[in-house]
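Below is one structure; the comments refer to it alone.
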Amino acid sequence: MSTDSVRRPFLEGYSDDPEKEEARRYVRVQTRRSNILPYLFVAIVTSLLWSVAILFFVDIPRASSSTSPTTTEEHHEPSHGSLATGRYNITTNAHRLSCGNSVSEAKSLGCKYDLLLNNWVPEPCFDKEWLDEYKEDDSWGGYADEAMTQRMSVEEMSETDHYWTSLRDHVNHCAMMWRKQFWALYEERKAFDTVIASPGHTDHCSQFLIDVTDNSRNWTHPTKTSMGFAGCWVRDDR
């Protein structure tokens, strides 16, 4: 794996907006894949027989051409996270909370800095349980310099544009995000952050875990981490 790919920031260059083209590749059309062909055949034949019977035995009055239709066509605007094509994703029927674009704005909105996400995140999506599990691996520490000699406090990490961590921490980050993503989906949690809902971040971490197997360096090799501001999806149906 090249040095450039190792140093690429964790969360740089992706969008967490499910309406953008990046996310459209990942939405799923809701379908039922059961084998219905035999039942469909029976239904068609039965419908044809009833149609013939009605034509011969029932006197159906013809509707006047001037009569207006009695059914009304309702237009439903797609909800947050849904697409007008009838497709859906996990953000359908959810609204998005934001932390803004600066540390001062994030603090004013009650957001907290999440070391696992490398992002400020709205309070409903701040998950201390996952943060504690992530910190059980002692690789999480951030440094001000690429040589990783100037250890930073958590507060300092939350207020700088970027910092440096080890290759081991990058692996730990991606592994923990994978677990967190699974449980958010499995438990259908009411609130979930925009990082685990991001196709771009999922692509990044999965590709990184593939590429890192080719790495011949030690696990303390530096990785650049970008601090950012994540959102929080909160389901409206609960």
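The values are calculated or read from the model by the stated rules, or taken from the named source; none is laboratory data. Here the structure is a predicted model, which means the values were calculated and not measured. Ideal geometry is used to build each Cβ from the backbone, glycine not excepted, and the neighbour counts take in all protein chains shown.
Residue count for region 161-193, restricted to those that are closer than 21 Å to residue 129 by Cβ, in contact with a helix residue (DSSP H, G or I) (Cβ under 6 Å, 6 or more places away or on another chain) and small (Gly, Ala, Ser): 1.
One line per residue, one yes/no per condition, for (1) modelled with pLDDT of 95 or more; (2) touching a Lys or Arg at 6+ places or on another chain (Cβ under 7 Å); (3) over 20 Å from residue 201 (Cβ atoms):
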| residue | (1), (2), (3) |
| --- | --- |
| 80 | no, yes, no |
| 84 | no, no, yes |
| 92 | no, no, no |
| 107 | yes, no, yes |
| 114 | yes, no, no |
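In region 169-222, of all residues being β-branched (Val, Ile, Thr) and under 16 Å from residue 119 (Cα atoms), the one that is surrounded by the most Cβ atoms within 10 Å (Cβ to Cβ) corresponds to 195. Based on what the data block shows, is residue 130 in contact (Cβ under 8 Å) with a residue 40 or more places away in the chain, part of a strand (DSSP E or B), of a type outside the set (Val, Ile, Thr) and closer than 30 Å to residue 95 by Cα? The answer is no for residue 130.
Among residues of region 193-238 being β-branched (Val, Ile, Thr) and in contact with a strand residue (DSSP E or B) (Cβ under 7 Å, 6 or more places away or on another chain), the one that is modelled with the lowest pLDDT is 220.
Checking each residue in region 133-154 for being touching a residue at least 40 places away in the same chain (Cβ under 8 Å) and over 23 Å from the mean Cα position of the chain (by Cα) picks out 139, 142, 143, 146, 147, 148, 154. Scanning region 97-127 for residues that are among the aliphatic types (A, V, I, L, M) and either part of a loop (DSSP other than H, G, I, E, B) or within 21 Å of residue 223 (Cα to Cα) (or both) returns 109, 115, 116, 117. Residues that are within 30 Å of residue 93 (Cα to Cα) number at least 1 in the following helices (runs of 4 or more DSSP H) confined to region 139-220: 167-186, 199-211.
Scanning region 174-188 finds one or more residues that are among the basic types (Lys, Arg) and touching a residue at least 60 places away in the same chain (Cβ under 8 Å). Do we find a residue being under 30 Å from residue 190 (Cα atoms) and loosely packed, with under 14 Cβ neighbours inside 10 Å anywhere in region 143-156? Yes, region 143-156 has at least one match.
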